[in-house]
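First comes the structure, then the notes that go with it.
Just so you know, all these numbers are worked out from the coordinates, no wet-lab data involved. Source: prediction; values computed, not measured. Note that we place each Cβ from the backbone using ideal geometry, even for glycine, and neighbour counts take in every protein chain shown.
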Amino acid sequence: MNIRKILLAMLAVLSLSLSVSPNSFHTSSPVIIEDAFAKCRIPPFREAYTGANTVFTGKIIGVVQNERGKTFEFQMEKYWKGRSQKKVKVTVYETTRYQAIYQMGKRYLVFASAGSEGDLRDGRCSRSNDIANAAADLKALGKGKMPR
């Protein structure tokens, strides 16, 4: 009996997912990621830029594990807002359901906010992204400045 209910629920979810039009997603709208436990609203570009203290592109050159997550050290390539250092650290708090997107040696567009102690932070519902997936945001940002 339980197997029948599970199969019917899976069929309902499948039919619902097939009815979503690919034209229903726009880059200017916020993206909502849902799972069984939480919702994640990725802000639209303008909101993410306005809310960030520092916006930059950079490559991960170091990672330090701490008690609540990881601190990533970036070699900054360009910046649009905030700090203009050649190296910058961003802390990401991790949980059992969320692990930071950043990987050693990869390049990212980062929208970081200031923590309570002036440190930079990023998190699960951030617009930060792998540089390969950030073309629209990079175009909207324009030329950028070189760090000093």
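Laid out as a table, the results:
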{"read-out": "Region 90-130, residues that are part of a loop (DSSP other than H, G, I, E, B), surrounded by fewer than 17 Cβ atoms within 10 Å (Cβ to Cβ), in contact (Cβ under 8 Å) with a residue 24 or more places away in the chain and charged (D, E, K, R)", "value": "GLU94, ARG97, LYS106, ASP119"}
{"read-out": "Count of residues meeting criterion [assigned to a helix (DSSP H, G or I) and surrounded by 11 or more Cβ atoms within 10 Å (Cβ to Cβ)] in region 134-148", "value": "6"}
